[in-house]
Structure formats: structure tokens, C-alpha cells
1. Which one of the conditions (1) within 27 Å of residue 132 (Cα to Cα); (2) out of contact with any Cys (no Cβ under 9 Å at 6 or more places or on another chain); (3) open to solvent by less than 60 Å² (accessible area, probe 1.4 Å) does residue 409 fail to meet, given that it meets all the rest?
2. From the list 153, 160, 188, which residue is in contact with a Ser or Thr (Cβ under 9 Å, 6 or more places away or on another chain), at pLDDT 85 or above, open to solvent by 10 Å² or more (accessible area, probe 1.4 Å) and under 21 Å from residue 331 (Cβ atoms)?
3. For the stretch 22-46, name all the residues that are surrounded by 18 or more Cβ atoms within 10 Å (Cβ to Cβ) and part of a helix (DSSP H, G or I).
4. Inside the stretch 259-361, counting only helices (runs of 4 or more DSSP H) that do not spill past its ends, which hold 1 or more residues that are farther than 19 Å from residue 136 by Cβ and of a type in the set (D, E, K, R)?
5. Just wondering, is there one or more residues in the stretch 431-449 that are surrounded by 14 or more Cβ atoms within 10 Å (Cβ to Cβ) and β-branched (Val, Ile, Thr)?
6. For the subset of the stretch 116-135 comprising residues that are of a type outside the set (Gly, Ala, Ser) and under 20 Å from residue 25 (Cα atoms), which member is surrounded by the most Cβ atoms within 10 Å (Cβ to Cβ)?
7. Among the candidates 427, 453, single out the residue that is in a loop (DSSP other than H, G, I, E, B) and surrounded by fewer than 21 Cβ atoms within 10 Å (Cβ to Cβ).
8. Which condition breaks for residue 435 when tested against (1) more than 23 Å from residue 145 (Cβ to Cβ); (2) assigned to a helix (DSSP H, G or I)?
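The values are calculated or read from the model by the stated rules, or taken from the named source; none is laboratory data. On a predicted model such as this, the values are computed, not experimentally measured, just so you know. Neighbour counts run over all protein chains shown; Cβ positions are idealised from the backbone, glycine included. Ligands, DNA and RNA are stripped out before the accessible areas are found, and what is left, the full protein with its side chains, is counted by its heavy atoms. Shrake-Rupley method; radii C 1.70, N 1.55, O 1.52, S 1.80 Å.
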Amino acid sequence: MINAIDNVVNAISGVLYQPYIVPLILVLAGLYFTIRLGLIQVSLFGESIRVVSEKPVNLGATSSFGALMVSTASRVGTGNIMGVSTALCLGGPGALFWMWVTAVLGGASAFVESTLAQIYKKKDSDGSYYGGPSYYMQDALGQRWLGVIFAIVLILTYMVGYNMLAAYNTQDTFTAFSFYGRTTSIVVGAILAVLFAVCVLGGGKRLTKVTEVLVPVMGVLFTLVSLIVVIMHITALPKVFGMIFRNAFDFRSIFGGFTGSCIMWGIKRGLYSNEAGMGSAPNAAAAADVSHPAKQGLVQMLSVFIDTLLICSATAFMCLFSGVEPNADLAGAAYVQACVKSALGGFGPVFMVIAVCLFAFTTLLGNYYYTEGCLRFILKRNPSKGFMTCWRLCATALIFIGAIISAGLAWDTADLLQATMVIINVPVIVILFKPAKNALKDYQAQRKAGKNPVYVAEKNGVTGTQAWN
């Protein structure tokens with residue numbers, strides 16, 4: 001039964017990732033936004049770093065940095081390690097180059113979708129903000145039905161696809177140890193499910209705060225360990241970059257079998273890692289209390305760079321500089337573990353397990369965060385306490401199931417669902433591009449005049465907003 005489901009999911013996913021659907025949508029949209037916004041990824045990169053440190057407009061509200069951490073908790077996870085490993089093993093070293101391309105172009109897409117989420121955000125009774133793609137589909141596009149469909153797909157992507165995959169990848173890292181057996185996945189899945197339940201069912205605020213501190217620290221440590229491996233094998237620098245660029249531009253090989261090419265794997269895993277254009281991060285971006293929508297657009301653009309150009313590159317370089325050749329048989333945890341063991345000895349696999357467990361846990365929480373907002377949009381109200389308890393228990397059960405399913409089903413389900421989000425969200429933000437572009441022009445004009453930019457919807461030709469009048 002599971003094999004039959006996997007075959008169907010894999011077949012549909014394979015069609016969506018042909019060069020004329022998801023890859024073309026992402027690349028063309030990213031190019032369009034990049035050109036129309038004046039290469040914003042470069043011209044305003046310094047500004048995005050400055051904005052992230054700003055305090056919220058109202059005391060105690062969600063800051064730009066706070067919203068960035070929520071979206072980064074979802075982005076920076078097992079995809080930065082296992083996803084990169086899979087891309088290198090199945091697509092070749094050139095997949096890293098196409099992950100970079102996805103991130104650079106995706107930065108412009110991330111700006112647009114997050115700025116739109118800010119423009120059309122809602123204000124709750126307690127003064128906090130909420131919103132996301134479903135809301136700009138409803139209020140700006142006038143198509144609530146499309147917003148409902150998108151919300152359903154997002155819930156399936158994050159609560160089913162991504163959280164099951166994060167659980168699978170976590171238990172997969174233990175395969176490097178001799179004690180790994182049939183029950184290991186069950187034990188790891190049960191532990192993850194219990195910790196997750198403690199946090200989402202209440203009483204886990206202290207644990208959540210600890211992980212919020214530990215994961216940025218682990219991200220820095222992970223990058224430093226990767227840098228150490230690179231320095232230890234610095235003589236391999238010409239060889240590694242030669243492999244990356246030769247494989248990236250081997251177009252005869254690429255278009256002879258696109259579904260297994262470095263471009264396809266780079267885009268697949270780049271998208272899974274940075275989520276640019278998918279419409280997920282805008283749900284967190286809408287919660288930020290800022291004086292201008294463009295500020296949070298710049299912050300989310302920065303998040304894409306942190307995720308792919310820093311963390312994903314760190315993983316790829318650590319693997320490629322170790323000297324262990326990537327191959328299909330090692331795809332996933334096995335390749336990463338082999339690389340760190342070769343470079344760092346017995347310390348390597350232990351460090352990797354700790355890093356993956358911490359990254360995975362905050363990913364589970366960050367992913368789940370998005371689903372409650374979408375559920376609220378679908379129901380048009382806050383669900384009852386009893387309903388939410390059942391909902392959270394279902395999310396917990398899915399994490400346990402994810403740890404014990406097959407690798408193929410875990411990855412194929414996530415790939416299919418994320419592609420569906422792209423197909424819905426990207427055309428919408430292309431249609432609604434004008435308000436985002438006008439917001440950027442307004443922001444730059446006020447900055448040039450020496451002001452702290454403040455957004456007023458009517459002055460920018462936007463009507464029907466709740467937060468900016």
C-alpha cells in the first residue's frame with residue numbers, strides 16, 4: 001500500500017518538476033522581480049541588515065527580528081543538511097550552484113510576497129498582527145476561494161510533508177552508529193513526538209525558549225565546523241569549485257535527463273531549504289510590527305540568503321572538501337555522516353546528530369506555527385479549545401509516523417506539496433506586484449529624505465487594508 005502511494009506521489013512530482021513547470025515558474029518570476037526591483041538583492045542588502053535590528057513600533061509587539069526567527073526556524077532545518085546531501089548525491093556537485101541561483105533570484109520573490117503580506121495584514125483584538133498569502137488572495141485579488149485552497153495546501157505541506165520529513169531525517173542520522181536497528185526509528189519518533197506535544201499543548205514555553213537560543217548558536221557552530229573542514233583541506237579548493245561549475249553547466253547531460261539533473265535537484269532542494277516564492281514565510285512576516293511593509297520584505301529577503309548562501313553552502317563545502325565522493329547510494333544522512341567522519345573522526349557523526357536534532361526540533365515548531373494561522377483563515381474564527389487539542393494531537397501523530405515511513409515517500413510527499421504551493425502563490429504575487437513595488441519606491445524616497453519610513457496605504461494607491469490607514 002505504501003509503495004503504491006509513493007509511486008503515485010513520485011509520478012505527479014516528476015511531472016511538476018519538468019523544466020516547463022515549477023523550475024520555469026520560479027526562475028522567470030525571480031528574474032522578473034529582480035529586474036523590476038533594480039537588483040534589490042544587491043542594492044539593498046546592507047539596508048536589510050540594518051532593518052533587522054529595529055525595535056517594534058509598539059512595546060511588546062513582534063519585532064522584525066522576531067518574525068525573522070520564526071521563519072528561519074522553519075527554513076533552517078534538516079533540509080540544510082539532508083537536503084543538500086541528497087542534491088549532491090543525486091544531482092551532482094553542480095546542484096549547489098543552482099541552489100545559489102534559486103536563492104539569489106528567490107530573494108526578490110521573498111521580498112515581494114512578504115511585503116504584500118505586510119500590506120494586507122490584519123490586526124487582532126489584542127493588538128497583534130496576522131496574515132499571509134491567503135489574506136492577500138482574499139483582500140487584494142478578491143478570491144477567497146483561492147485563499148482557502150492555498151491554506152489547505154500549506155497545512156498539508158507543513159504539517160504532513162515537511163514535519164514528517166524532518167522526523168524521518170532526524171532518525172536517519174542515527175544510521176551511522178552501530179546501535180541503529182529496527183526499533184531506533186520508533187524510539188526517535190516517539191521522543192520527537194512527545195517533545196513536540198509538550199510545546200504545542202502547553203507547558204513547554206521554557207523548552208521552546210531554550211531551543212530559540214541553542215539553534216542560532218548551533219547554526220554558528222555548524223558553520224564554524226564546516227569552515228574548519230574546508231581549511232583542513234584547503235588544497236582541494238580548485239578541484240571542488242571545478243567540480244561544481246563543470247557539473248552545473250554540463251547541459252548535454254542535464255537536458256538528456258532533466259528529472260535527475262543538477263538543475264532540478266538544485267531547485268528542488270533550494271526551494272525546500274529557503275522556501276522563497278512558496279508563500280510560507282509571509283505568514284510570519286505579517287506578524288511583525290514595523291512602520292513600513294518594505295522593511296519586513298527586506299528582512300525576509302535576508303533570511304533566504306542566511307539559509308541557502310550560508311548554511312546550505314556550509315554543508316556542501318564540508319562534504320565536498322572532505323574528499324568523499326557523492327553517489328546515489330549515500331544520498332541523505334549516510335553521505336553527510338561519511339564526510340564528517342572522514343574529516344573529523346569519531347567527533348563528526350556525534351556533532352552531526354546533535355545539530356540535526358536541534359535543527360529538526362525547531363523546524364517542527366516553526367512549521368506548525370504556520371498551520372494554525374491557515375486554519376483560522378479557513379474557519380473565519382478562532383477554533384475551540386477542544387478542536388485545537390485534537391488538531392495538535394494529529395500533528396504530533398504525524399511526526400511519529402514520519403520517523404518510521406520510507407525515505408522515498410517522505411521526500412516525494414514534501415516535493416509534491418511544495419510544488420503545489422509555488423504553482424498557486426507565484427502567479428498571484430506577479431499579478432499583485434504593483435503594491436509591493438510602490439511600497440519599495442515609497443520606502444526608498446523616505447530614506448533618501450532622511451526619514452524613518454512610515455507607510456500610509458492611500459498615498460500608495462492601496463485600499464481595503466486594515467493596518468495602514
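1. With (1) within 27 Å of residue 132 (Cα to Cα); (2) out of contact with any Cys (no Cβ under 9 Å at 6 or more places or on another chain); (3) open to solvent by less than 60 Å² (accessible area, probe 1.4 Å) applied to residue 409, the lone miss is (1).
2. Result: 188 is the single residue among 153, 160, 188 that is in contact with a Ser or Thr (Cβ under 9 Å, 6 or more places away or on another chain), at pLDDT 85 or above, open to solvent by 10 Å² or more (accessible area, probe 1.4 Å) and under 21 Å from residue 331 (Cβ atoms).
3. Passing the criteria: 22, 23, 25, 26, 27, 29, 30, 33, 34, 40, 41.
4. Here the list reads 262-274, 333-344.
5. No, the stretch 431-449 contains no residue that is surrounded by 14 or more Cβ atoms within 10 Å (Cβ to Cβ) and β-branched (Val, Ile, Thr).
6. Per the criteria, the residue is 133.
7. Result: 453 is the single residue among 427, 453 that is in a loop (DSSP other than H, G, I, E, B) and surrounded by fewer than 21 Cβ atoms within 10 Å (Cβ to Cβ).
8. Here residue 435 clears every test but (1).
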